[in-house]
Amino acid sequence: MRNRLFVVVAFIIVMASPAYAAPSGEITKQEVDAALNARREASASLETMTARFEKAVSDETLTRERIVSLSRSVSKLEREIGTKRSQVEDLVIARYMSGGSLGTDRVFTARTFTDLPIQDQYLRLMNDRDHALLRGLESAEALHVEQQALLDQSLSMQRELVAEIGGLTGEILTTLEQADADYNAIAMAYEKQEEEKRRKAEEERKRVEEEARKAAEEAARQATSTTTTTEAATTTTGAVTTTTEAATTTTGAVTTTTLPSGPPPVITDGKACPVNAATSFSDSWGAPRSGGRSHKGVDMISVRNAPLVAIESGTVTRTSNSTLGGISIYLTGESGSRYYYAHLEALAPGISGGTSVSVGDLVGVTGSSGNSPDWLPHLHFQYAPPDSDWINPYPLVKALCG
């Protein structure tokens with residue numbers, strides 16, 4: 001009787017399970033992969049432009065520092081010239097009072113000492129101290145002219161660099177935004193499609209199990225006329241066990257719906273690109289930065305609020321918010337490698353020091369906090385292998401994100 005009951009239930013399950021056929025218009029995994037490759041190609045096409053952008057930013061930083069230095073120099077020279085001219089005027093007055101007019105009125109209207117046509121006459125009358133005073137004024141005025149010319153040139157160069165940076169930024173961000181839109185549309189549609197298929201499969205599984213349960217109960221009821229009460233109780237217990245298993249599976253399905261929205265991260269050999277979006281970057285390791293610093297990472301440009309994910313499974317050792325790096329994350333991977341994410345717009349909910357993360361988990365979104373320009377949303381990313389100091393992260397992110 002038990003064998004007969006098993007055959008009845010198995011027959012019902014097989015007959016109730018439909019053969020799968022892909023519906024027309026279904027998005028395939030191959031189409032999603034092709035869209036991902038298109039996004040990567042769009043990002044890669046910007047690398048030369050991004051390198052130009054990085055150079056322009058570096059040049060503008062150095063030019064800005066030079067402007068500050070020249071401005072201070074020019075201001076100091078102007079104060080020095082003012083003092084020396086006052087001393088020369090006093091000297092001319094003294095000579096006039098002792099020796100008569102030598103055209104002293106022209107001293108007070110001349111723009112510089114070298115403008116005076118009677119300079120030689122004054123020099124013949126003056127002693128060594130007077131001579132040094134006038135030569136000092138002449139030298140200060142000449143240096144002022146030179147420094148002012150350099151300042152004007154630097155200001156003009158800065159305006160050109162700022163215009164170039166603005167144009168490149170706009171073009172880069174527009175391309176990345178379009179690449180994201182194209183990929184996200186198909187990736188999210190595919191994810192929704194697969195979730196719907198999982199939902200229907202789960203509903204079908206429950207229906208089949210419910211029919212099997214009812215069939216088993218009916219078979220058990222019919223079998224009561226020829227079996228003992230003990231056998232009936234055993235059959236009923238088995239049916240209850242099947243129902244409990246179905247409830248456990250349902251709980252697991254609900255858990256997957258709580259994952260962050262957006263395209264799933266692409267994981268390769270246990271690692272994910274830290275920017276889960278279209279991103280553009282170049283090898284800027286060692287490039288000059290403000291304050292005499294050099295660049296110790298790679299700047300990964302993306303649209304604002306692009307999702308940032310854990311590059312590998314590990315622990316967030318700490319988070320910070322400083323004037324330099326802005327909102328930042330320090331992550332130590334299970335491999336022992338260390339990673340630094342800077343200039344974030346915000347941290348993901350639940351991310352703080354001591355938080356354990358799995359590869360691809362959302363940790364924050366890109367922004368421009370800290371000393372990053374408001375118009376440049378990007379991730380400053382650093383990488384240190386196990387038991388090592390920071391090294392150039394470009395090869396790593398190129399392999400994962402390129």
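The values are calculated or read from the model by the stated rules, or taken from the named source; none is laboratory data. Nothing here was measured: the structure is a model prediction, and the numbers come from that model. Cβ coordinates were reconstructed from backbone atoms using ideal geometry, including for glycine residues, and neighbour counts include every protein chain displayed.
Answer yes if at least one residue in region 197-210 is without any contact (Cβ under 8 Å) to a residue 40 or more places away in the chain and within 30 Å of Pro377 (Cα to Cα), and no otherwise. No, region 197-210 contains no residue that is without any contact (Cβ under 8 Å) to a residue 40 or more places away in the chain and within 30 Å of Pro377 (Cα to Cα). Can we say Leu137 is in contact (Cβ under 8 Å) with a residue 60 or more places away in the chain, surrounded by 13 or more Cβ atoms within 10 Å (Cβ to Cβ), over 34 Å from the mean Cα position of the chain (by Cα) and assigned by TED's automatic domain parsing to the domain that holds Ala35? In short, no.
Filter region 189-208 down to residues that are aliphatic (A, V, I, L, M) and exposed (fewer than 15 other Cβ atoms within 10 Å of the Cβ) and give me whichever is nearest to Ala278 (Cα to Cα). Going through the qualifying residues, I end up with Ala189.
Selection within region 260-288: residues that are at pLDDT 85 or above and hydroxyl-bearing (Ser, Thr, Tyr). The member of this set that is surrounded by the most Cβ atoms within 10 Å (Cβ to Cβ) is Thr279.
Which of the following residues is in contact with a helix residue (DSSP H, G or I) (Cβ under 9 Å, 6 or more places away or on another chain), modelled with pLDDT of 85 or more and either closer than 30 Å to Leu143 by Cβ or not charged (D, E, K, R) (or both): Ala35, Ala51? Among Ala35, Ala51, only Ala35 is in contact with a helix residue (DSSP H, G or I) (Cβ under 9 Å, 6 or more places away or on another chain), modelled with pLDDT of 85 or more and either closer than 30 Å to Leu143 by Cβ or not charged (D, E, K, R) (or both).
Filtering region 289-337 to residues that are of a type outside the set (Ser, Thr, Tyr), surrounded by fewer than 16 Cβ atoms within 10 Å (Cβ to Cβ) and within 14 Å of Val57 (Cβ to Cβ) leaves only Arg293.
Rundown of residues vs (1) in contact with a helix residue (DSSP H, G or I) (Cβ under 8 Å, 6 or more places away or on another chain); (2) part of a helix (DSSP H, G or I); (3) modelled with pLDDT of 90 or more; (4) under 30 Å from Ser282 (Cβ atoms), yes/no style:
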{"site": "Gly170", "(1), (2), (3), (4)": "no, yes, yes, yes"}
{"site": "Glu191", "(1), (2), (3), (4)": "no, yes, no, no"}
{"site": "Val208", "(1), (2), (3), (4)": "yes, yes, yes, no"}
{"site": "Arg213", "(1), (2), (3), (4)": "yes, yes, yes, no"}
{"site": "Ser225", "(1), (2), (3), (4)": "no, no, no, no"}
{"site": "Thr236", "(1), (2), (3), (4)": "yes, yes, no, no"}
{"site": "Thr258", "(1), (2), (3), (4)": "no, no, no, no"}
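Kindly check whether there is at least one residue in region 13-29 that is modelled with pLDDT of 65 or more, assigned to a helix (DSSP H, G or I) and assigned by TED's automatic domain parsing to the domain that holds Ala132. Checked region 13-29: at least one residue is modelled with pLDDT of 65 or more, assigned to a helix (DSSP H, G or I) and assigned by TED's automatic domain parsing to the domain that holds Ala132. In region 361-379, which residue that is assigned to a strand (DSSP E or B) and touching a Lys or Arg at 6+ places or on another chain (Cβ under 9 Å) is surrounded by the most Cβ atoms within 10 Å (Cβ to Cβ)? The residue in question is Thr366. Residues in region 309-327 that are under 23 Å from Pro264 (Cα atoms) and touching a Phe, Trp or Tyr at 6+ places or on another chain (Cβ under 6 Å): Ile311 alone.
Determine, yes or no, whether Val397 is in contact with an Asp or Glu (Cβ under 6 Å, 6 or more places away or on another chain), under 30 Å from Met49 (Cβ atoms) and either assigned by TED's automatic domain parsing to the domain that holds Gly166 or not in a strand (DSSP E or B) (or both). Judged against the criteria, Val397 is not a match. Residue check, Ser335 against (1) of a type in the set (S, T, N, Q); (2) in contact with a Pro (Cβ under 7 Å, 6 or more places away or on another chain); (3) closer than 23 Å to Thr174 by Cα, all met but one. Which one? Condition (3) is where Ser335 drops out.
Do the conditions hold for Phe108, that is, is it surrounded by 13 or more Cβ atoms within 10 Å (Cβ to Cβ), at pLDDT below 80 and closer than 23 Å to His144 by Cα? Taking the combined requirement at face value, the residue does not satisfy it. Tyr330 meets all of the listed conditions (1) closer than 26 Å to Glu47 by Cβ; (2) under 15 Å from the mean Cα position of the chain (by Cα) but one, namely (1). Of all residues being among the hydroxyl-bearing types (Ser, Thr, Tyr) and under 23 Å from Leu400 (Cβ atoms) in region 338-357, which is surrounded by the most Cβ atoms within 10 Å (Cβ to Cβ)? Just the residue, please. If we take residues in region 338-357 being among the hydroxyl-bearing types (Ser, Thr, Tyr) and under 23 Å from Leu400 (Cβ atoms), then Tyr341 is surrounded by the most Cβ atoms within 10 Å (Cβ to Cβ).
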